[in-house]
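Written below as structure tokens is the structure these notes are about.
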Amino acid sequence: MNQQNIRRIGVLTSGGDAPGMNAALRAVVRACAFHQIEVEGVFQGFTGLIAGDFKRLNERSVARILGRGGTILKSSRSKEFMTTEGRAKAIDQIKKHHVDALITIGGNGTFTGAHKLFEESGIPVMGIPGSIDNDLFGTDHCIGFDTATNTVVDAVDKIRDTATSHNRIFFVEVMGRNSGFIALKAGIAAGAIAIVLPEDEMTADELMQILRSSEDSGKSSSIVIVAEGAKSGSAYDLAKKVTDQHPDYDTRVTVLGHLQRGGAPSCYDRVIASRMGVAAVEGLLQGRKDVMVGLVNDRETYTSLEESIHRANLPNRDELRIARILAI
Ligand code: F6P
């Protein structure tokens with residue numbers, strides 16, 4: 001299988017951590033051990049790559065991390081790696097440590113950096129999609145998205161108890177950067193009256209109409225899910241616009257924030273992380289480079305890093321239609 005004569009692989013996690021990154025790391029390290037490849041764990045993401053923060057890992061180094069949230073390799077958002085000079089330092093470290101290929105576990109920003117590193121050095125790079133935002137093209141799901149949406153649903157179920165008790169309208173803001181995947185999935189699963197996505201222009205007036213008609217049909221409390229990237233405003237902005245127009249509405253805002261990134265990965269995230277970790281190693285050994293591994297229709301696939309970054313992965317519009325029907 002090792003057509004590339006790869007003897008040592010480096011692996012790092014970068015950008016926002018996502019539940020299941022440890023499961024992916026474990027799979028990478030154990031697949032390497034299986035194929036008799038050495039592994040250098042790179043700590044602190046690209047910051048550690050530049051600084052030479054490397055540590056040799058073996059199959060036992062990744063024991064008992066499958067179910068742990070966060071990333072034992074730690075992570076960073078490195079400004080220095082965005083510069084040619086920073087990447088040149090990283091390339092020197094890769095060569096100094098005799099690393100033949102690099103696996104990067106992360107999202108959009110991680111793959112942008114990895115792709116540049118490949119262009120400037122020719123060192124084979126492989127991406128594993130780990131991001132709660134689920135915004136990468138070339139995989140049905142990114143690692144961490146399932147756990148994050150379950151966390152949101154659990155939180156919204158709890159918020160609903162108090163919303164119902166007080167006849168209130170809660171505006172719950174969820175993460176996702178410019179993407180509405182978390183908002184849409186969690187909105188359907190938690191029975192939101194309205195879901196405000198960056199990909200869908202819902203004005204405050206439209207929201208007002210939805211709230212009024214639900215009140216007319218007898219609803220006394222509601223949950224509005226707002227994606228943090230929504231163009232019509234934040235959860236606070238929208239709540240204010242609604243109360244300005246209808247002061248009788250008793251509104252509250254909850255911004256779920258970073259709790260969405262934490263916690264033990266779900267079964268689904270552990271499984272996809274394990275599959276992608278093995279496929280990342282085996283893809284490199286087969287000569288694939290400058291690509292991201294993904295799972296599309298339950299099959300391992302490889303998409304060029306450029307395509308994975310630049311092609312839009314959009315939420316399913318039919319799910320939005322369904323959410324509207326069910327919110328009647
Ligand atoms: O990309 C993951 C993510 O959690 C986004 O949903 C969010 O916008 C961002 O990271 C927050 O970044 P930070 O942890 O640097 O504040």
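Each value in this text was obtained by applying a stated rule to the coordinates, not by laboratory testing. All of these numbers come straight from a predicted model, not from anything done at the bench. FYI the Cβ positions are ideal-geometry reconstructions off the backbone, even for glycines, and counts take in every protein chain you see.
Between K89 and D237, the distance separating the two model label sites (each 7 Å from Cα on the Cα→Cβ line) works out to 3.7 nm. Between S61, S234, S217, find the one with the highest GNM mean-square fluctuation for the chain; connect C-alpha pairs within less than 10 Å. With Cα springs under 10 Å in the chain, the top fluctuation among S61, S234, S217 is at S217. Distances between placed amide hydrogens fall under 5 Å for V196 paired with I225, V226, A227, all partners being 5 or more residues away or on another chain. Just tell me, in residue order, which DSSP H segments of the chain are both 24 angstrom or longer along the helix axis (alpha-carbon based) and at least 1.0 in mean Kyte-Doolittle hydropathy. Taking the DSSP H segments of the chain (at least 24 Å long, mean hydropathy at least 1.0), we get none. Exposure proxy for M126, M208, M82: other Cβ atoms within 10 Å of each Cβ, ordered fewest to most, give M82, M208, M126. Is the shape of the range 146-261 rounded, prolate or oblate, going by the alpha carbon gyration tensor and its root eigenvalues a ≥ b ≥ c, with a/c under 1.5 for rounded and a/b larger than b/c for prolate? Oblate shape, in that a/c is at least 1.5 and b/c is the bigger or equal ratio.
Segment Q36..D318, full-extension length gain: 96.9 nm, with 0.36 nm per residue of separation and the alpha-carbon distance subtracted. Spacing of the modelled spin labels on H166 and I325, each 7 Å from Cα toward Cβ, amounts to 3.5 nm. Most simply put, the range 146-261 has about 0% antiparallel DSSP beta bridges, counting only bridges with both residues inside it. The distance from the alpha carbon centre of the range 1-67 to that of the range 238-298 is 21 Å, rounded to a whole number. Computed extension length for N58-E80: 5.0 nm, one decimal, from 0.36 nm per residue of separation with the Cα-Cα distance subtracted. Net charge dipole, the chain: roughly 1160 debye, given to the nearest 20, about the Cα centre with Cβ charges of +1 for Lys and Arg and -1 for Asp and Glu.
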